[in-house]
Each structure stands twice: as structure tokens, then as C-alpha cells.
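Here's the structure we're looking at; comments come further down.
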Amino acid sequence: MKRRLAQYSTRTHDFEKHDHRSRDPPVCHMILVSEGRKMAAHLSYGRVNLNILREAARKELREFLDKCAGSKAIVWDEYLTGPFGLIAQYSLLKEHEVEKMFTLKPGRLPAADVKNIIFFVRPKLELMDIIADNVASEDKLRTPRDFHVLFVPRRSLLCEQRLKEKGVLGSLINVDEYILDLIPYDGDLLSMESESAFRECYLENDQTSLYHTAKGLMTLQALYGTIPQIFGKGECARHVANMMLRMKREFAGCQTQILPVFDTLLLLDRNVDLLTPLATQLTYEGLIDEIYSINNGYVKLPPEKFAQKKQGEGEKDLPTEPKKLQLNSAEELYAEIRDKNFNAVGAALSKKAKIISAAFEERHNAKTVGEIKQFVSQLPHMQAARTSLANHTSVAELIKDITTSDAFFDNLTVEQEFMTGVDTDKANTYIEDCIARKDPLIKILRLVCMQSVCNNGLKQKVLDFYKREILQTYGFQHILTLNNLEKAGLLKLQTATRNNYPTIRKTLKLWMEDANEQNPNDISYVYSGYAPLSVRLTQLLARPGWRSIEEVLKMLPGPHFEERQQLPSGLHKKRQQGENRITLVFFLGGVTYAEIAALRFLSQMEDGGTEYVIATTKLINGTSFIKSLMERLEVPP
Amino acid sequence: MSCRSYASYYHYYLRPVAMLSELGPDSRSHDGCVFFSHRKIELYEMGWNLKEGLRNCQIAAAPYGGPIALLKEPQRSSPSARPQLEIYTSSGSPMASFMWKSGVVKQLGWTISDDLLCVQEDGTVLVYDLFGSFKRHFSMGNELVQSHVLEAKIFHSPYGTGIAVLSGAYRFILATNIEDIKLRRLPEVPGLQGVPSCWTVLSQDRQTKVLLATGADLYILDNTACTPVSPSGFSPQATNIIQVAGSFSYKYLALFTDSGHVWMGSANLKEKLCEVDTKMRTPPTQMAWCWRPKSQQPSVVIMWEKYLLVVGPCKDTIQYNLDNESVLVPELDSVRIISGTHHELLQEVPVVSEEIFKIASMAPGALLLEAHKEYEKESQKADEYLREIKEQDGLGEAVKQCVEAAGYEHEPETQKMLLRAASFGKCFLSNFRPEQFVSTCRDLRVLNAVRDYTVGIPLTLQQYKQMTVQVLIDRLVYRKLYPLAIEICRYLKIPEYQGVSRVLKHWACCKVQQKEEADEVIARMVSLKLGETAGISYSDIAARAYECGRTELAIKLLEFEPRSGEQVPLLLKMKRSQLALSKAIESGDTDLVYTVVTYLKNEMNRGDFFMTLRNQPIALSLYRQFCKHQEQDTLKDLYNQDDDHQELGNFYVRASYQEGRLDTRMSCLQNAMDEYNKAKNEFNAKATEEEMRLLRFQRRLEEEKGERMVGCSLQDTLHCLLIVGLHKQAEQLYKDFRVPDKRYWWLKLNALAEKEDWEEMEKFSKTKKSPIGYLPFVDVCIKHHNKYEARKYVSKVTPEQKVKAHIAVGDLEGAAEVAIERRNEGEISLVLSHCTATTDRTIVDRLNRTRATAGKK
């Protein structure tokens, strides 16, 4: 048995080594690491079975692969490997004769004895140039290989035009699109994995991602039925809703006869609530993301705490490779603690530890053969639980080291001062000190933006002071980043109108003094006091309705609206007694893990009456949010 | 058994032999071998009036009950006389007739989409529609103008309709799909000196091949080679092969030799089914396969003038005498026989029909039919028959048989009789699945409608299923039978998108070609009829109008198109680019907007192009994005046009970072500053100016002191200066750039600690009161592991921070002292948290005591 395992792993290894130019890291990591077929199980746990969506996506992928008959190699636009890992593992590709995988880069393609070369790319002009280069420098002497291009998520005439100009369109056998708008991320979570959506919409006035959103929602409705009610807040939300209604008109007649799964769609612009992503998330998952950043469902952690100490082996060398963990609800323990305030995680872990050790103790009680057999049958599950516990205890320790530091505490104190409206109209000493110490720029920008948002803009003097400090300390090149932040509304000059943040805070109860971190009774537990505005809006929409907060809605940017979509007769849902409504909340421009936690909290509230499925353009945190708005200007050598 | 006499009105049934003599054909049944039964059904009495029958004319009938084309040779053989081309439905109703004025026609044939192909002697192929309107023409190769087409065949394969011609040079030229013509010249046949005695086209293994016979030799011609072949088990006495026929699906082949033998076998010639001696030595006029798929009785129909012979493996043959000269039209499951007066269908009798209608049959279906008949007569015999079936436990089977048999019938009365019997039987069954019954009723209703004389599409159920209802609807549409097509769509509940909408679209496309009506009238009629029908593609209709040269009508029609994206390509084609742009924007599809923008860019002069964009902000910002990555200079022009000085400033800043040379960088920054000034962005202008000053300073420093720091931030520059000990320069910068005291102190403190210049640090701490307090001094020393230096500053720390300072230097006692003195709860806890119970016993006790007393107060 052992030998067979060893063989298997070498084979996997061979695959990773395929690339002849050793300096190129292979791109297969995303697909190889996922744990086989089990992976999709977590998608069907939720109220809405998102596996349908995943299966539809997989089917389409298989169909495309089969279109290119014979052995194949995939050349990846590296950005896509992460999202694709959520849809298909290498095993699926292998079943369809994918033998090699490369990263897209200029020059000649690596040698590979395959019949087909397939480029998986986003429709970007610069990528077209690379494809053209690849195709043009193909060795004419070798047996010819068939080239195909698969655009994700949508084909583009502009790109095809570019390929044509470069003279390679003719040599491509198949040019196709793989419509991958909404990727099922977890049982109640969909993401488009488009990190630049907010930037494109608010800085560049490029609404491509909104078009994809609308298309994605149409696909979703084709699979899960027409959503009868659409609510929204914000310019982008309005635009998406308009496109959806238009598309529905365009496709009138080919309506699906499916009983609607979702009752309501709520579209929320990120710029309606700029404050929440800037604040430090205090849930377990939120903190993992803040500190180590979760990418496509995976996190890389410093390995020291994960060193396996086995009996009799003594001190082993510490591992040097980062520890990679997959994080989703398939892991029972993680599903239980991910959304807790970090202060409640320790207790949960120790409770779990007791349960597990009690379960292992059971073996002493097992007397009869039957009892022993039953115990043994549970062993794999128990062992998995024990590993999971060990892992998360280590993660929690890592996080604790940070959350107990002075720096973390000071930062949090300032954040909370801003959120409660303490001295937001003058330059903050802590920020000043941080700049003076040259703390990471993103940290500074997060705080300054937060102050600006909580004060409905900064006074000219304060704003100029911060800007000047930043430019002098971190360099003049950041002048464009500052411009971007101003354009996006994160930094602004306070105009004559009064600061309406306190009104909003009070009306929407954004600050709860007595947030209960252990046994929460309000969403504010996710930020230990601050209730995310976006989620508050969602909560109030369900009960008592937005009419009660008209005044506040008017203070927030963009229009708010309600639309109804006619259902074909016979598809009106008859709700069972006590059956919850399902609302799909779509965050245009990104959502944080803490917001997701808050929505899950609302779903689980006993008398809530509404369950939430969350969709977004991208999972974000303050750091990635600010980063996406920065202008990267390198100082010339 | 007189009661079972309906076999008599089932008159085309050919069994038993005794009845055959009454019907005409004479069957020579040999030694009682397996059943070999065929029936001939009259489909129509032909509506045409052909004086000479089918003599002196070329005829082509499309499969699947398609139209018939006739090319009548002129009566008089004067040079001015022209042949007449006529098109009829399968029932002989005229659809078109016109004088043939083009060249000599070698072959007529139909495409799968009901277009008529006329292959001329010079290799030109003319394409006409069902109503005789000329559509287009193409050539089968220039060489044919010289060498001429000797023979041609039109064939159908999965790739579409193809044409094969034999040139005067005895070469075969092939086009597999006339919609996408790729001419292929097949290899030469060695030693071919004349027209082959017979040939046919085969479609095998996704390849189209020609099989030809010259004398006794047989060859297969494919793309690359000419291979001699010999059929398996071909009798040695067989001499010349004079007729060849492939089956409908190209799976089987029949060869007729001048010795009167027929060889039947697989198309690859490797398997022989049988060989039959027809005893006929004269060459037949036509030969065709007549074989229902899945049936066990392959048979071939051979025709000589007015004599028809059906042969098959059981050596059992059937003969028919025909009244008139006829043509055979092979079908998927049968052969149609068209003569000057009649149109008949010859097919193998389906097993189930045989079981039901066979005299004295005891099959469940036969008994059920009988039972129902008795029931209608209100006779109790019905019950007896039913019991009989039930005893055999065959009621389900009986119903199934009746339903299936109904499907094979052409006469509605017989269909009804069988279906009523089935419905009757169904009543006595529980849990019988009704699908087959319902679908058969439905299909028959559709089939009866299209078989009607006025429509003239004599499809069998099997053909209908093979061709699918979609294709049937297309065929009705080609015939402009729109109402019937729509009725069928509605009756079969085909989703509007694929059904009614498609028909209406065709109707509208046809409508827009009617030149005599005004644009407004047509647009109104179209919109009235189509209205909001789901899935109508108005843009397709508009495209057709545009093709017919009616641009105005096209634009009017496009206004009805709900999918703005669909309107764009046509609008561009019609050069309505402004409209195309706004439609593209409306669709929300940014790729489409890009497409129009690039089109406009190539189409218009730059000024107009920019003006157009200016009116469309979304297009403008997309184009800006494009330029940002692709054409930076255009970007600048765009901003210039809009007097967007802020963006111009940003543009120059960005440009400055792409420049390696400091001078160019400086001039970029100078431009940026000017633009920011124009934009009234004082902060940015000033910041840019400062950056230039800093760069100048750095350059000077580099020249003078050799320290490389060009491009560093002010902070880093200061840090560098302090590290290398250029305190004077640092001081100057600090003043020039009005660096806040606090930051400068932090900076200097860190730099000195890094250098471990403790002496200088102490001096620095005494220059004036520290704006950042003294705790940072403590912290920074500890950070650089110098407790000794750190202690020096503890006393200077403010009381609020003193506890922290003591803890930092590890002086718990001192920390406790301060905390107790200040009686501060938080501070006491802080100290406690740093104490360990064993080593700091006394301190812990003292602290706890203080806490207790503080608590009491």
C-alpha cells in the first residue's frame, strides 16, 4: 500500500516538472492541491444548492475540451488558475486528455507532444499579443499543433480583431468563450473573482464588470428561476438592474419554467458603504484574511506552528514551505468558528477539544465487538476532526500573537474612535506617529480614508496635511493614488454641508456599546461594536422595510429603487408555514468576510425570517480594497 | 371467421398470395421461405397534366416527400425552341414554370433546404428556389467549360448537399457541401478511356468517395487514391457491372450485372447479404434500395421500363407491372414511384401491421381490434375477445401494437380505427403509460395535415421523426405555407422562440422583398403581425430588407428590435455609425461599444471622431482606457480637447515615471505643475513643485557627495543623510520642506539608533523638549538591544507613560512603584500581567494590596 502511494506521488511530481525551463513555476498548484471530488460537497450544504451552478460550469468546460479532439496542453492566463480551481480539479482536465499545463508568457511555447494547444485567457489586449507571439514563434518543423483560444468569462470582438491584425486568427481552430461569471465559492457564497471591479466602475467609468454581473445574474435566474423582487442602492446597482430588466425583455419567450428559489435580490454598491471594508475585521475568518489574506479559498500560513511532532521522532527540522490550508464550510470545525468574533474562538476551540478527546476516550467503554466496530468506523472522521482542531488551534495562536500586540490595539482604538465620531475633524496623532515611523502605506491610507468617511470629508487643512505627510514620507509617486482615492470618494474635502455621518450612525444603530462577542445578539459583534452599514441596510430591508429609513437612504450616495419581475403564472411560490424567504445580496465592488459573517448571523437568527445568499464581484478586505485603487508607479532606475 | 374481413378493405396488403392476383402484381413465391412482403400505397393521383407522361423529360424529386422538378424537352427540335422547367409538389400541384434559357442541363437535383440545382454542361450550377426564382450560381471548375460535364450526381451527406461530376477528361470532381464550396479533383482512374458503366457517390467514415465500375472492374476513388476492389463472394460468372445503387444511409450497396445478377452487401463490399438472379439481361432503367431501418429484410427495387421487381436475400421476388413510365425516389424507409398519373409508395410491410391484419391472426393487437369492432356493434363478443387477450396477459402489448400500427398507416380512417381500438383497450389497463398513444395521435395529426393534397408532403412517420419537426416547419416555410406552419407550432406547443417566432420571421423576410409596397406599409404590417412575439429577431428581418436595397425600411424595422446589441452590426453595415454607437451603449455590452468605437476611429477623421465620443461619455471613458494601455499620445489629445487639466497633470506625472533621464523627467513634472495650476489644484501643483526641488537637491547631492538618492522620498533622503552623517544638509532639507517637528524627531531618533550613535542621541534629546515625548527614546534603544541607554530616558518620560517605560527596560519594581503611586487600576493590571508569581512575589503582593484598597475607596 505504501509503495503504491509513493508511486502516485512521484507521478504527480513528474507532472509538476513538465516545464523544461525550470525557472518557470508550474501553474498546476491550484488544481493539484484540491482534494479530489469531495471538494464540491460544501456547495450543497446551504439553503440553495449552488452545486447546480458549479455542475453547469463543469459541463460547459467538458464540452469545450471535447471539441478539441486529442491530447491537449492548456496555456493559462495565470490570473484564471485560482478561480478555475473552484470549478474543476486537474482530474477533470486529465479525463479530457489535458496532459500539460503552462503559464502564458511571450516567446516560444515549451515543447509538448500534444495535438492541441488551448489558451485560457481573459479578453485583454495585452494577452492577445502574447498569444500571437506564441503562435507565430511555433516551430514550423515540428508536427503542427492545433491552437484554440477560450475566452473567460466572455469573448471579445476587440480581442479577436487584435488577433486578426496580428495575423493569427486564421490559425486558431476554435475561438470560444467560457462564461464563468459567478463562481460558487461556498454553500452560500458566489464570487466573480474580479478584483478590479470597483476601480473600473468608480475610477475608470468602465462598466464591463457590471455587464458581466447582469449576465451572471441572468444565468443564475436561468438555473434558479426568475427573482421576483429586486431592490438596490447605488448607481451601479441601478445600472445592473436596468440591464437585467432589458436582458429579460430581450430573452422574452425563452423563459425558464422554474419555481423561483430566490425571493429577493438586493444589489448594493460598495460606495454606499465605504466605511465597512476599511475597518479591521474581528471575526476569525476576517482576521485570517486581514493578516494572511485568503486567495480563492486558500490561505498560506507561516509554517512554524504547524510542525508535526510525532512521538519517538524527536525534534524534526522545521518546515520552510508555507502551510497551505483550504478554508470552506466542508470543514465542520471551520464552519462553526469562522464567523465568530475572534474573542469567542478560544472558548469554542477548547470546547471542541474536550468533545474530541471524550470521543477518543469512548474506546475504553467499547466492550462488545459491535461497539468496537462502531468506534473504528468513526475513527477517520474523528481523526479528521482532530487534525482540523490542531490546525485551527495553531492558526488561532498565530492570530492571537498579533491581536494582543500594542500596535494592533492602538490601531483598533483609533478605528473605533473614528467610528464613534471622536475627534474626526482634526489631524490624528496616531496617524501622524505611524507616518513618522513609516508604517506600511496601506495602513495609513486605510486610517486616513476611514477618518474622512466618518467625518463626511476632511477639512482642507487636515486633508492637505495628511497628503503632504504621505508624499514626503512615501514618495511623490503616490500623488496619483491619492487622486484615485479622492475620485472614488474615499478621501474628500469637507464641503459646506454638515457631517451627516453621526445621523446615519444613530439612525442605523451602527455603533453598539454593549456588543456581545461571545453570544452575539446583533451583527455589531463582527467588528466588536460597529455594525456594518451594508448589512444593516440589508437587515432593515427585510424588516421593517426601507420606507422607515428614507431619510438616511437619501444621505447615502446613489439612488435606491425597487423593481418587480413578472413571473409566469403558476410559478408563484406558496410559502410553507415558517419557511424563510431567501434573499440574494449582491455586493457590487466587493464584500468582506465580516460582512458575510454578519449576514450568516442574520440567516441563523431564529425569528429572522430571511436567509441570505451572498454574491460579490470579489472578496475584499481593507488592504486589498485600497491596493486595487492604488496607482503603481515605479521610480525609474 | 367472417367477422375478420377487414383485411379486404386493407387492400394493399400483399398477403396471402391468393389475394395478390386480384391486385395486379404477380408474386412468385419460392419454397415457402421467410416472409418477404411489401405493399404499394397510392399517395396521390397527380394533379399535373402531362401530355406525354414522363417521356422526353428530365425529372428530379427531392427525398422526404419533397418537390419535383421537370425539364421538358421542346416538342419541336428547332434551334430556337427552348426546354420548359416546371416545379411541382409531390401531389403534382404546379409551383413554378418557366422557359429554360440557359445552357444544356445535364442533371437536376434538390438541396436539403429545397433549392433546385441545375448542373449545366459547362460546369455551371444554377440555384433556384422552390418558386423558380434564381438565387445564385457557381462553377464546378473552369476546366469543365472545355471538357464539359458528361454526367453529374447530386447527393446528400451529413455535411449537406453535394455534387459530383464526371468531366470529359474522365475525371471526377466533387463538392461535398454546396453551401461551402471546396472543389476536389479526385485522382485519375488508371486506364479509364470512356464513361464508366456505372458510378455512385458514397459517404463513408466522414469521407466522400466515388465507386465506379468499368466492365467487370470496380474502383473506389477517395481523396488520395484509386483503389480496385472486389465485392466479397461475387459470383465468378458475373461479368460487367451495369448498375449500382447505394442505400439511403450509404451503408449498403447493390450491383447489377449484365448476367442479370444482383449482388447486395455492405458498402465497403466486405460483407455480402445475398446474390439474386433476376433472369433479366436487359439493363434496368433504375435501381434503388427499399429497406426500413432495423428491419431484417433488405431489398432492392429494380425497374425496367414498365416492369418492377423487388428482390432480397430470401430469393423471393415480387413483380409489379407499371401502367406508365415511372421514376423511383429512394427514401429512408421506402421507395416512391412517380409516374405521369400516379404517385405511389412501396414499402416493406411493418411487422406489427402484418400481425394485426394477417388473416386469422391471434396476435393481441388483432384480437383487440376485433374486440373493439364488436364493442361498437354492441355485441358481447367484445368481452370474449378481451378475455382472450387478458388470458394471454397481452392487453398492454395489444394496445402498443395498435398504436404502433396506426403510425404506419396513411389512410386517416385506418389510423382512427386502430387508435380507437387502442384507446378502448387502454380503459382496461391501469398504469398504462399514455405517452406513446398521445404522441402518435399528435404526430399523425401533423402528418395528415402535410400529406394533404394541397400541401403535398407525403411523409411517413419514420421519415418525419428522422427529419424532426423543426425541419418540417422549415419546409413549410420554404413553401410559404405560413399559417399551416404556425398552426403546427401551436398545436405541438413548440416554444415560441423555436416555433412561431421563426415562422413569423420568415414571413416577414418574405414580406420585405415585396417591392411594390411602401416602406411604411410593410413596417407597419410586420410590426402589427409580429408585435411582441417572443424571440423575434427584427435585426434579421432588417438585414434582409437591407440586402434587398431597402435601407430605410431596414432602419424602421430595426427600431422594433429589443436587443440593442443585435442592431449594431447591421447599423454599422448601413453606415449609421452614430446610431450604432448609442445602441451599443444601450446594450451595456462594453465589448460591443469598443467594436463600434474602433470602427468609428477608422471611419472618421480625428476631429469628428473625438466630437462623437464627447457626446457619449461611456464610450469616451472606454476609449480612454483603451488608449491608456495602447495609445498614450491619443490619450493626451483627448484630455487636451476636453481641457481636462487635472488629468493632463496626472498624465505628465505618469509620463515622468516612464523617463529614465532626469532632465526629461523634470520637464514632464514642469508640464504637470503647469496643468495642475490651470486645474486650480494648488495642492498638487505645490507638491509637484516640491518634488522638482527635491530632485534638484538630490542631483546636487549626488554630484557633490556621491550619494545616490535621486528618486527617493523626502523621508528616505533625510534618513540617508542622517545615516551618512550629513547633518547639516539634513537640517537644511528639514527646514526647506517644512517637515513637521514630530516626524523629524522620529526620523532622527531612528537613524541615530540604527547607527548606534548613542552619544549623538543623548545630545539630540537635550536640544529642546522632545515633541514626541521620551517613551520613543526608550523604545528605540530597547529595539536596538541597549537597555543601558534606554534607562537614561526613563526619568524624562511623562507620568502617563512611565509605567510602560519601566516595563520596557525590565524594571518591574519601578513600574510597580509608579503604578501604585498613581493608583491606576489599568496600570496595575498591566504590571501584574508582566509579573511571574515565583520571582516577583513581593511586587505582586504589593500591587494586589493597593488594588484592594483602591477598590474599597
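The values are calculated or read from the model by the stated rules, or taken from the named source; none is laboratory data. Everything numeric in this text was worked out from a predicted model, so none of it was measured. All Cβ positions, even for glycine, are placed from backbone atoms using ideal geometry, and neighbour counts span all protein chains on display.
Would you pick out the residues in region B:74-88 that are buried (at least 16 other Cβ atoms within 10 Å of the Cβ) and part of a loop (DSSP other than H, G, I, E, B)? Spell out how you get there, then give the answer.
In the first step, residues of region B:74-88 are kept if they are buried (at least 16 other Cβ atoms within 10 Å of the Cβ); the result is B:83-88.
Correct list: B:Pro83 only.
Could you check region B:525-539 and list, in sequence order, the residues that are away from every other protein chain (no Cβ under 14 Å) and closer than 14 Å to B:Cys509 by Cα?
Scanning region B:525-539 gives B:Met525, B:Val526, B:Ser527, B:Lys529.
Test of understanding: among A:Phe231, A:Phe151, A:Phe198, which residue is more than 14 Å from chain B (Cβ to nearest Cβ), modelled with pLDDT of 90 or more and either in contact with an Asp or Glu (Cβ under 6 Å, 6 or more places away or on another chain) or at positive phi (or both)? Can you show your working first?
Details: A:Phe151 fails: more than 14 Å from chain B (Cβ to nearest Cβ); A:Phe198 fails: either in contact with an Asp or Glu (Cβ under 6 Å, 6 or more places away or on another chain) or at positive phi (or both).
It is A:Phe231.
Table: residues versus (1) touching a residue at least 24 places away in the same chain (Cβ under 8 Å); (2) within 23 Å of the chain's Cα centre (by Cα).
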| residue | (1), (2) |
| --- | --- |
| B:Glu547 | no, no |
| B:Glu561 | yes, yes |
| B:Gln578 | yes, no |
| B:Ser587 | yes, yes |
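Quick check on my filter: what residues within region B:337-364 are crowded, with 23+ Cβ neighbours inside 10 Å and under 18 Å from B:Cys57 (Cβ atoms)?
Of everything in region B:337-364, those that are crowded, with 23+ Cβ neighbours inside 10 Å and under 18 Å from B:Cys57 (Cβ atoms) turn out to be B:Ile337, B:Ile338, B:His343.
How many of the residues in region B:477-517 are in contact (Cβ under 8 Å) with a residue 60 or more places away in the chain and among the aromatic types (Phe, Trp, Tyr)?
1
Just give me the residues in region A:247-286 being within 12 Å of chain B (Cβ to nearest Cβ), touching a Pro at 6+ places or on another chain (Cβ under 8 Å) and part of a helix (DSSP H, G or I), in sequence order. Break it down stepwise before answering.
Filtering region A:247-286 down to residues within 12 Å of chain B (Cβ to nearest Cβ) leaves A:247-257.
Okay, now just the ones that are also touching a Pro at 6+ places or on another chain (Cβ under 8 Å), so A:249-250, A:252-255, A:257.
If the condition is that a residue be within 12 Å of chain B (Cβ to nearest Cβ), touching a Pro at 6+ places or on another chain (Cβ under 8 Å) and part of a helix (DSSP H, G or I), then A:Arg249, A:Glu250 are the ones that fit.
Considering only residues of region B:591-603 that are within 14 Å of B:Thr634 (Cβ to Cβ) and facing another protein chain (nearest Cβ under 10 Å), which is surrounded by the fewest Cβ atoms within 10 Å (Cβ to Cβ)? Explain how you work it out, then say what you get.
Within region B:591-603, the first condition is being within 14 Å of B:Thr634 (Cβ to Cβ), and the residues that meet it are B:597-598, B:600-602.
Add one more test, that the residue is facing another protein chain (nearest Cβ under 10 Å), and what stays is B:597-598.
Values: B:Val597: 23, B:Thr598: 16.
My answer is B:Thr598.
Could you please let me know if B:Thr688 is more than 53 Å from the chain's Cα centre (by Cα), at the interface with chain A (Cβ under 9 Å from one of its Cβ atoms), closer than 30 Å to B:Met709 by Cα and among the polar types (S, T, N, Q)? Spell out how you get there, then give the answer.
Details: more than 53 Å from the chain's Cα centre (by Cα): yes; at the interface with chain A (Cβ under 9 Å from one of its Cβ atoms): yes; closer than 30 Å to B:Met709 by Cα: yes; among the polar types (S, T, N, Q): yes.
Criteria met by B:Thr688.
Can you name the residue in region A:414-440 that is part of a helix (DSSP H, G or I) and surrounded by fewer than 18 Cβ atoms within 10 Å (Cβ to Cβ) and, of all such residues, is farthest from the other protein chains (Cβ to nearest Cβ)?
Restricting attention to region A:414-440, the residues satisfying the condition of being part of a helix (DSSP H, G or I) are A:414-420, A:429-436.
The next check asks that each one be surrounded by fewer than 18 Cβ atoms within 10 Å (Cβ to Cβ); those that pass are A:416-417, A:420, A:429-430, A:433.
Details: A:Gln416: 17, A:Glu417: 17, A:Thr420: 20, A:Thr429: 8, A:Tyr430: 12, A:Asp433: 7 Å.
Per the criteria, the residue is A:Thr420.
Only residues that are over 35 Å from the mean Cα position of the chain (by Cα) and farther than 20 Å from B:Asp277 by Cα: list them for region B:198-216, please. Spell out the reasoning first.
Residues of region B:198-216 that are over 35 Å from the mean Cα position of the chain (by Cα), as a first pass: B:198-199, B:212-216.
B:Trp199, B:Leu212, B:Thr214 - these are the residues of region B:198-216 that are over 35 Å from the mean Cα position of the chain (by Cα) and farther than 20 Å from B:Asp277 by Cα.
Which residues, counting only those in region B:251-287, are under 36 Å from the mean Cα position of the chain (by Cα) and in a strand (DSSP E or B)? Can you show your working first?
Residues of region B:251-287 that are under 36 Å from the mean Cα position of the chain (by Cα), as a first pass: B:251-253, B:266-268.
Answer for region B:251-287, where residues must be under 36 Å from the mean Cα position of the chain (by Cα) and in a strand (DSSP E or B): B:Tyr252, B:Leu253, B:Ser266.
From the set of residues in region A:555-590 that are among the hydrophobic types (A, V, I, L, M, F, W, C) and farther than 21 Å from A:Val48 by Cβ, which is surrounded by the fewest Cβ atoms within 10 Å (Cβ to Cβ)?
Going residue by residue through region A:555-590, those that are among the hydrophobic types (A, V, I, L, M, F, W, C) are A:555-556, A:561, A:567, A:571, A:582, A:584-588.
Checking which are farther than 21 Å from A:Val48 by Cβ leaves us with A:555-556, A:561.
Details: A:Met555: 14, A:Leu556: 19, A:Phe561: 16.
So the residue we want is A:Met555.
Is it the case that some residue within region A:620-628 is touching a Phe, Trp or Tyr at 6+ places or on another chain (Cβ under 9 Å), within 24 Å of A:Arg238 (Cα to Cα) and surrounded by fewer than 21 Cβ atoms within 10 Å (Cβ to Cβ)? First the steps, then the outcome.
Going residue by residue through region A:620-628, those that are touching a Phe, Trp or Tyr at 6+ places or on another chain (Cβ under 9 Å) are A:620-621, A:625, A:628.
Going one step further and asking which of them are within 24 Å of A:Arg238 (Cα to Cα), we end up with A:620, A:625, A:628.
Subset that is surrounded by fewer than 21 Cβ atoms within 10 Å (Cβ to Cβ): A:628.
Looking for residues that are touching a Phe, Trp or Tyr at 6+ places or on another chain (Cβ under 9 Å), within 24 Å of A:Arg238 (Cα to Cα) and surrounded by fewer than 21 Cβ atoms within 10 Å (Cβ to Cβ), one finds at least one in region A:620-628, hence yes.
Quick one: is A:Ser209 modelled with pLDDT under 90 and buried (at least 21 other Cβ atoms within 10 Å of the Cβ)? Show your work before the answer.
Values: modelled with pLDDT under 90: no; buried (at least 21 other Cβ atoms within 10 Å of the Cβ): yes.
When the stated conditions are applied, A:Ser209 does not pass them.
Restricting the search to region A:364-386, which residues are surrounded by 12 or more Cβ atoms within 10 Å (Cβ to Cβ) and of a type in the set (S, T, N, Q)?
Passing the criteria: A:Gln374, A:Gln378, A:Gln383.
If we scan region A:165-178, do we find a residue that is surrounded by 23 or more Cβ atoms within 10 Å (Cβ to Cβ), within 26 Å of A:Arg54 (Cα to Cα), under 23 Å from the mean Cα position of the chain (by Cα) and touching a residue at least 40 places away in the same chain (Cβ under 8 Å)?
No - not one qualifying residue is present in region A:165-178.
I need the full set of residues from region B:605-620 which are surrounded by fewer than 16 Cβ atoms within 10 Å (Cβ to Cβ) and of a type outside the set (S, T, N, Q), in order please. Full working, then the answer.
Residues of region B:605-620 surrounded by fewer than 16 Cβ atoms within 10 Å (Cβ to Cβ): B:605-608, B:611, B:614-615, B:617.
Listed by number, the residues that qualify are B:Arg606, B:Gly607, B:Asp608, B:Met611, B:Arg614, B:Pro617.
Within region A:480-526, can you find the residues that are within 14 Å of chain B (Cβ to nearest Cβ) and of a type in the set (Val, Ile, Thr)? Outline the logic, then answer.
Restricting attention to region A:480-526, the residues satisfying the condition of being within 14 Å of chain B (Cβ to nearest Cβ) are A:480-487, A:491-493.
The answer is A:Thr481, and nothing else.
State all residues of region A:124-163 that are free of Cβ contacts under 8 Å to residues at least 24 places away in the same chain, in contact with a helix residue (DSSP H, G or I) (Cβ under 8 Å, 6 or more places away or on another chain) and among the charged types (D, E, K, R); if no residue qualifies, say none.
A:Glu126, A:Glu160, listed by residue number.
In this structure, is B:Gln698 more than 14 Å from chain A (Cβ to nearest Cβ), farther than 18 Å from A:Tyr466 by Cα and modelled with pLDDT of 90 or more?
Numbers: more than 14 Å from chain A (Cβ to nearest Cβ): no; farther than 18 Å from A:Tyr466 by Cα: yes; modelled with pLDDT of 90 or more: yes.
Spelling it out, it is not the case that B:Gln698 is more than 14 Å from chain A (Cβ to nearest Cβ), farther than 18 Å from A:Tyr466 by Cα and modelled with pLDDT of 90 or more.
Applying the selection to region B:604-613, what residues are part of a helix (DSSP H, G or I), of a type outside the set (S, T, N, Q) and away from chain A (no Cβ under 14 Å)?
If we filter region B:604-613 for residues that are part of a helix (DSSP H, G or I), which is where we start, we get B:606-613.
Now drop any that are not of a type outside the set (S, T, N, Q), which leaves B:606-611, B:613.
Selection gives B:Arg606, B:Gly607, B:Asp608, B:Phe609, B:Phe610, B:Met611.
Please find, among A:Leu223, A:Leu169, the residue that is of a type outside the set (Gly, Ala, Ser) and closer than 30 Å to A:Ser137 by Cα. So that I can check it myself, show each step before the final result.
On the way: A:Leu223 fails: closer than 30 Å to A:Ser137 by Cα.
Only one candidate qualifies: A:Leu169.
Among what's in region A:445-469 and is surrounded by fewer than 21 Cβ atoms within 10 Å (Cβ to Cβ) and assigned to a helix (DSSP H, G or I), pick the residue that is farthest from the other protein chains (Cβ to nearest Cβ).
By that ranking, first place goes to A:Lys461.
Here is a list: B:Ala816, B:Ala751. Which entry is within 14 Å of chain A (Cβ to nearest Cβ) and either small (Gly, Ala, Ser) or under 27 Å from A:Ile431 (Cβ atoms) (or both)? Break it down into steps so the answer makes sense when it comes.
On the way: B:Ala816 fails: within 14 Å of chain A (Cβ to nearest Cβ).
Of B:Ala816, B:Ala751, the one residue that is within 14 Å of chain A (Cβ to nearest Cβ) and either small (Gly, Ala, Ser) or under 27 Å from A:Ile431 (Cβ atoms) (or both) is B:Ala751.
Here's a check for you: in region A:202-226, which residue that is within 22 Å of A:Ser624 (Cα to Cα) and within 18 Å of the chain's Cα centre (by Cα) is nearest to the other protein chains (Cβ to nearest Cβ)? Walk me through it before giving the result.
Taking region A:202-226 first, the residues within 22 Å of A:Ser624 (Cα to Cα) are A:202-210, A:212-213.
Adding the requirement that they be within 18 Å of the chain's Cα centre (by Cα) leaves A:209-210, A:212-213.
On the way: A:Ser209: 9, A:Leu210: 7, A:His212: 9, A:Thr213: 10 Å.
Going through the qualifying residues, I end up with A:Leu210.
In the set B:Leu638, B:Leu648, B:Leu622, which member is under 57 Å from the mean Cα position of the chain (by Cα), facing chain A (nearest Cβ under 9 Å) and aliphatic (A, V, I, L, M)? Walk me through it before giving the result.
Numbers: B:Leu638 fails: facing chain A (nearest Cβ under 9 Å); B:Leu648 fails: facing chain A (nearest Cβ under 9 Å).
Answer to the check: B:Leu622.
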